[in-house]
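The values are calculated or read from the model by the stated rules, or taken from the named source; none is laboratory data. No experiment lies behind these values; they were computed from the predicted model shown. Cβ placement follows ideal geometry from the backbone for every residue including glycine, while neighbour counts extend to all protein chains displayed. Accessible surface areas use protein heavy atoms only, side chains included; no ligands, DNA or RNA. Shrake-Rupley method; radii C 1.70, N 1.55, O 1.52, S 1.80 Å.
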Amino acid sequence: MAGFFSRGARAKKEIEEKAAESELKLISHADLRRRVQLLDSFENAGLGWFWATDGQGRLIYLSENAIEKLGEEGSSLMGKQLTEVFEPETDESLDQQVQRPLPFLLGARNSISQLVVKVIAGNRVQWWEIAGKPQFDAKQEFVGYRGSAKDVTATFQSSKDAERLSQYDSLTGLANRHRMTKRLTSILTAFRNSKRSCALLMLDLDRFKQVNDTLGHPAGDELLREVAARIEKVIGNRGEIGRLGGDEFQIIIPDMDDRGDLGELGQRLIQMISQPYQISGSRAVIGTSVGIAVSPYDGIETDELVKAADLALYAAKGGGRGQYRFYHIDFTDGAKHRRQIEEDLRDALEADTLEMYYQPIVESKTNKLTCLEALMRWEHEERGFISPGIFIPVAEDIGLIRELGEWALRRVCFQAKEWPMDLRVAVNVSAIQFARDDFPDLVKSILMETTLEPHRLELEITESVFVGDAERTQEKFEELKRLGVRLALDDFGTGYSSLSYLQHAPFDKIKIDQSFVRGATEKGNNNPAIMRAIVSLAESLKMETVAEGVETKDELTLVTERGASHIQGFIFSQAICQEELLQRLEQGDIHFQPRGPDKYRAERKSVYRKIKLIHDDHVYNVTLRNLSKTGAMIEGLLEVPVDTPVVLNLGGGQLAVANVRRSDGAIQGVEFETPLISDGADGLCTRHRVSPYQIEAAGKPLASLPEDPYELLKLEMSGGGMRPRSFLQVDSSSSRKK
């Protein structure tokens, strides 16, 4: 009996368990239906979709609404690898990957959360935000991903546009200061590890303010856009260009440290930007100056490199504008020097301590004096002679050029009136000075005040005076001609001169810039043909021509044969003071005989400074006496055999490999294996420098380098155990590529 009840209890229990299981199944099916309904409602409301992959990463499920949204091509996505369907979105314009790489997440079986991807189906492109989790079976075998997605195209595009606006200049479309700083920091950080170089160029427009003042700010904005387009044309895809604000531009060029190439690039930028512009129906002519610094030589941090490029730009502007400069450690004091010049120049003008000197202009056929060009000279009581190429740009920047120009014009007219002969005098007129509406009245007033005959006054202007109102400029020309003065076009051909203004401007003379004369006698030089073209143009327009900067007899012969009617240059005379000029004129000596070297040769500059000479494992103290692109003269070693290989440490990380070609006692003439290049000014430099990374590799850590880490003398004295020969490849023709 007991067994019967026991069996009955077990049966009852089994029945109850089965009933409970059936009820649970009913509940599960109902719950499942509700869940499906909720998911359908979720999809139909456009809140999101669902997707799934198999264990091989292929898409096996995508919500029907999502497929419909992608169009006819949406169904073709099934069976594709998920990495083909969902492409990680990157924005190359921002130089950063916006999302983490999807392949990495899938390969590591990681969960995916809020990952923005690009979905491409045919011509349709959308951005989705996806999430997903890896799935595993009972045996913990990976069976694929299950995930969700939603369309974020509108918000993502808006966010991307906002991000772009925050990093790009709205006027020119170039990168702004924020982006350029970020890019430069990123590049320098990456390049520090790989020991690569990066060049930074800073540009500042010359005479841009004049365009704004004469044509208005809308015209200035249009000019900035055209300047940006020209810079992009020159740089191409070699680097990134940014507008820092106003008329300042910056260029980052990775993996470039050859100062020969950088100098050519700087000159190309100057020439391109200096071409005339047509803005709102008016002609505008501006220029630019360029400062160049290179990492790691001039700095390895962003602030250091930017400061170096700024100082180089400052030096370029101070050197006369329209020039480029490489950074040099001496520029650190340049800003202080310029500020002092500003203060002293005001004092000099007020105290009347400036002087006018006069350089003769002679007829090419007779060598007879016909005109003198007035040149301003400033002899500072402490600093000595200061070049006009330095203080004239300063005067323009601080708004002193008009007062300075008026003083010069008045002084010249007074002094010319003292001459015992009826000679013409040429006075340079700044474009800023010429822009004054009352400039013709000023000239008239000074002529009346000094009683100088108008036909004796010759005003030399450059093509930059054509900025602004062309009609008003022509009116000024006509007013000046009615006064009886002469007009000369100075520096013709140096700024991509347009010939259109010669049709109406009443010039009496065209001056051929000395850049066309210098080196014109060398074989293969095209300048003689250019000179002939300029002379032919002037003759057809019944204008005189003056060849400037003639210094050697072969240059004199060349410019005379090419038909220049007048000559100016050291071959006849340098600029002389009023007292010396009066003395010569009173003696009736108005014929100048050519005096100078017979032939032009690569310029050799006289210098006198201590340098280091390296031979084998020894370093010697020598004196550099002169320097040219191809060689130098040194003094300090006795009886050095001819053909001895040496290395000259020219400072600033510049090592020049050379061979002794002449030896006479303690004086040697050496020839460089790789010619030096222009430093953008009147100096010379090596194409390459010793990298701080090379110094570090030789046993001197970067962190302990002195302020000028490239001066081998300091390193030698520090006992660093460096062997100079380890750097000989820097500027040797046999291994210049390092």
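Couple of notes before you dig in:
- Spin-label model, S166 to T560: label points 7 Å out along the Cα-to-beta-carbon direction sit 7.1 nm apart.
- Theoretical FRET efficiency, 1/(1+(r/R0)^6), r = Cβ-Cβ of V125 and H504, R0 45 Å, to 0.05: 0.20
- Cα→Cβ-extended label distance, 7 Å offset, between Q474 and V143, nm: 8.8 nm
- Accessible surface computed residue by residue for the range 99-142, with neighbouring protein chains in place and a 1.4 Å probe, gives 61 Å² per residue.
- Set K444/K476; K417/K444; K160/K233; K511/K599; K368/K509; K182/K209 screened for pairs whose C-alpha atoms are more than 19 Å apart: K160/K233; K511/K599; K182/K209
- Heavy-atom surface of the range 574-673, accessible at 1.4 Å and reported per residue (Å²): 55 Å²
- The overall shape of the range 441-487, judged from the alpha-carbon gyration tensor, is prolate: a/c is not under 1.5, and a/b is greater than b/c.
- Amide H contacts under 5 Å for G216: none, restricted to partners 5 or more places along the chain or on a different chain, H placed in the peptide plane at 1.01 Å from N.
- Farthest positive-ward along the range 360-409 dipole, Cα basis, beta-carbon charges - from A408, L372, G389: L372
- Its residue count N sets the reference 2.2 N^0.38 Å, and the alpha-carbon radius of gyration of the range 193-243 equals 1.51 times that reference.
- Potential lengthening between A190 and D303 on full extension [0.36 nm per residue; Cα-Cα distance subtracted]: 39.1 nm
- Remark: spin-label model distance C577-T83 equals 8.2 nm, labels positioned 7 Å along the Cα→Cβ axis.
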